[in-house]
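What follows is a short report on a single structure.
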Protein chains: 2
Amino acid sequence: MSSDNIETRTRVLDAAVRVLEERAGRGVRMGDIATAAGVSRQAVYLHFATRAELLVAATRYLDEVLDVDRRLAPSRAANTGVERLALYIECWGHYIPDIYGVAKALLLAQDTDDAAAAAWKDRMLAMRHGCRAAIDALHSDGTLAPEWTPQNATDALWTMLSIQNWENLTSECGWSTRQYVNGMKILAKRAFVEEPG
Amino acid sequence: MSSDNIETRTRVLDAAVRVLEERAGRGVRMGDIATAAGVSRQAVYLHFATRAELLVAATRYLDEVLDVDRRLAPSRAANTGVERLALYIECWGHYIPDIYGVAKALLLAQDTDDAAAAAWKDRMLAMRHGCRAAIDALHSDGTLAPEWTPQNATDALWTMLSIQNWENLTSECGWSTRQYVNGMKILAKRAFVEEPG
DNA sequence: GTGTCAATTGACACCGTGTCAAGTCAACCA
DNA sequence: TGGTTGACTTGACACGGTGTCAATTGACAC
């Protein structure tokens, strides 16, 4: 039955997201996800050909659930570049903790799997567009610091906001989500904004 | 023969560094290193109990060869905090390409191996001291931007200068080493330095 | 009843790490 | 010269995780 089919598939995705979240994306085997979904290991392979495919599907699934577009709306509605930059960081900073487990697993799978690498690159490129939009907003306001081209500033901001950096700051430096958001706002504002006058 | 012993050991280390460099730290098996060293796979295990141990030894070996202390001397001799920060970034930015292959392998091994994780953490902590020293120099000059505590600024600078960030900027954004050094100098100066007056 | 289809069960191939035991070869030494 | 030592080789194997395959179960549909 096709609805049954779909149900099992989503149960697996749900379990994957849950268990990846729990274990921060590390050391999660296909069998673990199957068990968590209350299904045999082979049933998972009935729906996802490889581990990488499952991880990619889990990312998409999670994105749907979390409704990224809605979250980004405030940033898009900003009146100035400075405001847009701050709101984008705010949004991103609260988004990372929600996706961290799945993202980390995908990040790790990258090294051995090309499909995972492509999927990761794709996601990161999407995130880059947000950075670019914020920098362009500064630029057209005339408030982008003169040391930067929009291109270079985007590269730098994008890199600064990477998930690995979030990981380092929260787990090695003990920053909270709030501290992360504030810290990145300060860093980005000082680094990229030149208030005229 | 003990001199023979040492010779084989260093031949393996040498081969490891070479082959890790070549393949950017990815997909390098114990057998590959053995072959590159002109030695059997088991000979490698005669000198290094695990892959992680070999990677850690290779890092130390490379550090000896590259003479980190000498490289850091200019930065330590700086007269102002601003100068020290710039020189530290200069030094670090030229150091990363030399260690990237080995570092990347260690970084990847982290996920499955505790010894590798500890070694990586240790190296990164050493690098953090350099960041801390630069920030402290700014602080005692009274040129650290008021938004930052020395602690937070160190966290941020340390994170900014991570090898993953270098990787992203050079490989995804196409930055050269020179561009990296310049970009990071601009970013760090704008973010952390408040010129008095 | 019979066919269909998802899921289960258990076996197996593959790969890379790490282990083990037997054998080779050179240097050193009585 | 013949024996011991010690590094290295060779080939086999265990283990763990991924992915495959074939036979079987069980429900629902006609």
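Values in this text are rule-based calculations from the coordinates and carry no lab data. All figures in this text were calculated on a predicted structure; none of them were measured in a lab. Positions of Cβ are backbone-derived with ideal geometry, glycine not excepted, and every protein chain shown enters the neighbour counts.
Here are some notes:
- Placing pseudo-labels 7 Å out from each Cα toward the beta carbon at B:Arg71 and A:Arg41 gives an inter-label distance of 4.4 nm.
- Highest mean packing first, where packing is the average number of other Cβ atoms within 10 Å per residue, the peptides A:40-49, B:111-120 line up as B:111-120, A:40-49.
- Shown for B:Lys189, B:Lys104: other C-beta atoms within 10 Å of each C-beta, ranked fewest to most, produce the order B:Lys189, B:Lys104.
- Counts of other chain beta carbons within 10 angstrom of each beta carbon in peptide B:177-187 average 3.
- For chain B, the mean residue ellipticity at 222 nm estimated from helices alone is -25000 deg cm²/dmol, where every DSSP H run of n ≥ 4 contributes -39500 (n - 2.57) and the total is divided by all residues, rounded to the nearest 500.
- The GNM of chain A, with springs linking C-alpha atoms under 10 angstrom apart, assigns the highest mean-square fluctuation among A:Val39, A:Val181, A:Val82 to A:Val39.
- ³J(HN,Hα) computed for each position of the range A:103-111 - Karplus, 6.51 cos²θ - 1.76 cosθ + 1.60, integer Hz, glycine/proline x: 4, 4, 4, 5, 4, 5, 5, 2, 5
- By the count of other C-beta atoms within 10 Å, a proxy for reagent exposure, A:Val65, A:Val102 are ordered fewest to most as A:Val65, A:Val102.
- Two-site label geometry, B:Glu64 and B:Asp122: point separation in nm, points 7 Å out along Cα→Cβ: 1.4 nm
- Centre separation in Å (Cα based) which lies between the range B:165-190 and the range A:83-100: 23 Å
- For B:100-108, mean number of other protein chain Cβ atoms within 10 Å: 1
- Put a dot 7 Å past the Cα of B:Ala115, heading toward its Cβ, do the same for B:Ala24, and the two dots end up 2.8 nm apart.
- R0 of 22 Å, Cβ-Cβ distance A:Ala145-A:Thr177: FRET efficiency to nearest 0.05: 0.25
- Rounded tilt (10° steps) of B:150-160 against the dominant C-alpha axis of chain B: 50 degrees
- Sites A:Ile6 and B:Asn79, calculated FRET efficiency, Cβ-Cβ separation with R0 45 Å, nearest 0.05: 0.10
- Charge tally around B:Asp155: other residues with Cβ under 10 Å, Lys/Arg +1 each, Asp/Glu -1 each, net +1.
- Angle between chain B longest axis and helix B:114-141 axis [Cα atoms, degrees, rounded to 10]: 20 degrees
- Each other copy holds its own label point for B:Ala126; taking that point as 7 Å from Cα along Cα to Cβ, the gaps run 4.0 nm, nearest first.
- Positive dipole terminus of the protein assembly as shown, leading residue within A:Val39, B:Phe192, B:Thr149 (C-beta point charges): A:Val39
- Full-stretch length increase - B:Thr50, B:Asp98 - with 0.36 nm per residue and alpha-carbon distance subtracted: 14.9 nm
- Degrees between helix A:177-192 axis and first principal axis of chain A (Cα, 0 to 90, nearest 10): 40 degrees
- Inter-chain neighbour count for B:145-152: the average number of beta-carbon atoms from partner chains within 10 Å of each residue's beta-carbon is 3.
- A cut-off of 5 Å between modelled amide H atoms, ignoring neighbours fewer than 5 places along the same chain, links B:Leu144 with B:His139, B:Glu194.
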